[in-house]
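Bear in mind that the values in this text are calculations on the coordinates, not laboratory data. For clarity, every value in this text was computed on a predicted model and none was experimentally measured. Here the Cβ is made from the backbone with ideal geometry for all residues, glycine too, and neighbour counts use every protein chain on show.
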Amino acid sequence: MDQRLGDLLQAARRRLGVGAWSREYFERRFAQRDPWSYETSSYERAKYARTLEMIPWVAEARTLEVGCAEGVFTALLAQNGGEVLAVDICARALARAEKRCAGLSTVTFARLDIASERIDGGFDVILCAEVLYYLHRRGLLRARDCLVAALKPGGHIALVNPVADAERIHPVFLLHPSLRVDKERTCSDCNRRYTITVFKKTS
């Protein structure tokens with residue numbers, strides 16, 4: 001199937017609330033290396049830098065990266081010290097991420113579907129950059145509750161999404177009684193506007 005047609009079908013399925021998180025879709029997507037140009041995109045580089053600026057880092061932080069793909073951002077996160085657990089639904093992407101970060105002893109990887117599988121807790125920082133829009137409403141609520149449960153009190157969740165997706169997704173997290181907005185910024189320095197919202201867990 002043509003990749004563009006596959007993307008359109010996947011988006012339609014998400015809107016209908018069916019098949020929102022397809023392992024097979026992502027395995028097909030990552031049949032080719034770096035399908036979304038994470039390594040070379042100026043948009044991605046700017047987004048990585050802005051996200052790192054927004055996060056309130058603590059010494060020896062435990063960080064969870066959701067949707068790590070091939071580990072481009074994971075390698076940057078590791079430079080902040082502490083431990084990084086990077087998860088993704090796609091085995092092909094994870095294999096390349098592990099190879100990229102093979103020399104980073106503080107980074108581990110796991111195959112995980114955050115809409116249906118539990119995450120062990122104790123994280124200081126959780127990052128979700130352009131991944132939650134693959135979930136329909138029910139999956140998004142399950143993922144939110146799972147991520148909040150995995151976060152330490154006082155810890156932070158950073159969500160990064162194009163503006164239209166952020167307007168749909170970020171308020172869902174604000175409805176959780178244990179979260180409040182700590183920082184928020186909408187950036188227009190690349191080919192599309194995106195919003196970074198950092199939530200703090202208050203209890």
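Once you have the Kirkwood Rh of the chain from its Cα pairs, apply Stokes-Einstein at 10 °C and 1.306 mPa s and quote D in µm²/s. Write out the running numbers ahead of the final one.
Values: Rh = 17.1 Å.
Estimated diffusion coefficient is 93 µm²/s.
How much mean residue ellipticity at 222 nm does the chain get from its helices, if each DSSP H run of length 4 or more adds -39500 (n - 2.57) and you divide by all residues, to the nearest 500 deg cm²/dmol?
About -11500 deg cm²/dmol.
List the DSSP H helices in the chain whose Cα atoms stretch 15 Å or more along the helix axis and whose mean Kyte-Doolittle hydropathy is at least 0.5. Could you put the intermediate results ahead of the total?
Values: long enough: 3-16 (20 Å, -0.72); 42-54 (18 Å, -1.13); 137-150 (20 Å, 0.11); 163-174 (16 Å, 0.57).
Counting only whole DSSP H runs, the qualifying helices are 163-174.
Just the number, please: percent antiparallel of the DSSP beta bridges in the chain, rounded to the nearest 5.
45
List the trypsin sites (Lys or Arg not before Pro) within the stretch 94-143 that fall in a DSSP loop (any state other than H, G, I, E or B) and whose Cβ has at most 14 other Cβ atoms within 10 Å.
Counting only loop positions with at most 14 other Cβ atoms within 10 Å, the trypsin sites (Lys or Arg not before Pro) in the stretch 94-143 are Arg118.
Kindly list the residues of the stretch 99-133 that lie in the label zone of Arg168, defined by a backbone N under 19 Å from the point 7 Å along the Cα-to-C-beta vector.
Within reach of a label on Arg168, which here means backbone N under 19 Å from a point 7 Å along Cα→Cβ, the stretch 99-133 contributes 114-116, 128-133.
Full extension from Trp57 to Asp145: what is 0.36 nm times the residue separation minus their Cα-Cα distance, to one decimal in nm? Spell out each step's value before the answer.
On the way: separation 88, 0.36 × 88 = 31.68 nm, distance 2.24 nm.
Length gained between Trp57 and Asp145: 29.4 nm.
How high is the relative contact order of the stretch 3-201, given as a whole-number percent (alpha carbon pairs under 8 Å, six or more residues apart)? Spell out each step's value before the answer.
Numbers: 345 pairs, mean separation 38.4, N = 199.
Dividing the mean separation by the residue count of the stretch 3-201 yields 19 percent.
Can you tell me how much longer the chain between Arg28 and Arg192 gets when fully stretched, taken as 0.36 nm per residue apart minus their C-alpha distance, in nm with one decimal?
Contour length minus the Cα-Cα distance gives 56.5 nm.
Residue by residue through the stretch 23-28, what is 3J(HN,Hα) from phi via Karplus (6.51 cos²θ - 1.76 cosθ + 1.60, θ = phi - 60°)? Round to whole Hz and write x for glycine and proline.
After applying 6.51 cos²θ - 1.76 cosθ + 1.60, I find 4, 4, 4, 6, 4, 5 Hz.
Please turn the phi angles of the stretch 175-183 into ³J(HN,Hα) values with the Karplus equation 6.51 cos²θ - 1.76 cosθ + 1.60 (θ = phi - 60°), one per residue in order, whole Hz, x for glycine and proline.
Karplus-based 3J(HN,Hα) across the stretch 175-183 equals 6, 5, x, 9, 10, 9, 6, 9, 8 Hz.
For the stretch 56-82, list residues with backbone N below 14 Å from a point placed 7 Å from the Cα of Arg138 toward its Cβ?
none
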